[in-house]
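I have placed the structure first, in the form of structure tokens, so that the comments after it can refer back to it.
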Amino acid sequence: MIRHIAFFSAIDPKDLDAIEDGLWVLKDNPHALQFAVHRNLKLDEIPGPHPDFIVMADIADETELAAYKAHPLYAESIRRVRPLRDIRVAADIVIDV
């Protein structure tokens, strides 16, 4: 199982709700077995960038991850979020279930 994790920060704090709405578009992507969007509580006291959102999707394997990213809902989410976001960092890790 692959856990796809992405971190996003907003250019302008007034766009947080729009970014969150754009990320939640991905919940209906049929290639994700589990999906969640979380707002960062920003409780870490170490200086540095602190993302506004964390997206996590559990996906069966690399083939399904490619299908997840090729799905029209992924493109729609990008269309809505990319103009409003500053930083995006993503990681894919293998998890045991």
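None of the figures in this text is laboratory data; all of them are computed from the coordinates on show. Being a predicted model, the structure only gives us computed values, none of them experimental. Backbone-built Cβ (ideal geometry, glycine too); neighbour counts: all protein chains shown.
Miscellaneous remarks
- Most fluctuating residue given options ASP86, ASP44, ASP17, as computed from a GNM of the chain linking Cα atoms under 10 Å: ASP44
- Straight-line cross-link partners of LYS14 among the aspartates and glutamates, defined as a Cα under 19 Å from its Cα and at least 8 positions apart when in the same chain: ASP52, ASP86.
- Sequence-separation-based contact order of the chain, relative, with Cα cut under 8 Å and 6+ spacing, percent: 50
- Listed by chain and number, the aspartates and glutamates placed with their C-alpha closer than 19 angstrom to that of LYS69 are GLU20, ASP21, ASP28, ASP58, ASP61, ASP92; residues fewer than eight positions away on the same chain are left out.
- Note on the chain: GNM, Cα springs under 10 Å; of ALA66, ALA57, ALA32, the largest mean-square fluctuation is that of ALA66.
- Helical contribution to [θ] at 222 nm, DSSP H n ≥ 4, -39,500 (n - 2.57), averaged over the chain, rounded to 500: -8500 deg cm²/dmol
- Applying both filters, DSSP loop and at most 14 other Cβ atoms within 10 Å, to the GluC sites (Glu not before Pro) of segment 1-76 gives GLU45.
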